[in-house]
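Engineer: Structure incoming, see below.
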């Protein structure tokens, strides 16, 4: 059985990509891990203050929500 947070993250990602790609209060897309630690910390603090928390999703391009490959993971086609 999948863990609740995995199911929830997948649901939010699907919701954010259709019909018009948009980020949600609970979900923020990142194409890769930023070297700007202050900005990452701001996102984590915002999620900590949001009821239910939130998710940083890596491997999603900002703007069109396209799934992009990472050197660390494989994106299924």
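The values are calculated or read from the model by the stated rules, or taken from the named source; none is laboratory data. As the structure is a prediction and not an experimental result, all values here were calculated from the model. Backbone-built Cβ (ideal geometry, glycine too); neighbour counts: all protein chains shown.
Engineer: Looking at the stretch 9-31, which of the residues that are part of a helix (DSSP H, G or I) and more than 13 Å from residue 47 (Cβ to Cβ) is nearest to the chain's Cα centre (by Cα)?
Structural biologist: Ranking the qualifying residues of the stretch 9-31, first place goes to 13.
Engineer: From the list 64, 38, exactly one residue is assigned to a loop (DSSP other than H, G, I, E, B) and farther than 18 Å from residue 8 by Cβ. Which is it?
Structural biologist: Working: 38 fails: assigned to a loop (DSSP other than H, G, I, E, B).
Of the residues listed, the single one that is assigned to a loop (DSSP other than H, G, I, E, B) and farther than 18 Å from residue 8 by Cβ is 64.
Engineer: Looking at the stretch 10-26 only, could you name the residues that are modelled with pLDDT under 85 and either farther than 15 Å from residue 67 by Cα or exposed (fewer than 12 other Cβ atoms within 10 Å of the Cβ) (or both)?
Structural biologist: 18, 19, 20, 24, 25
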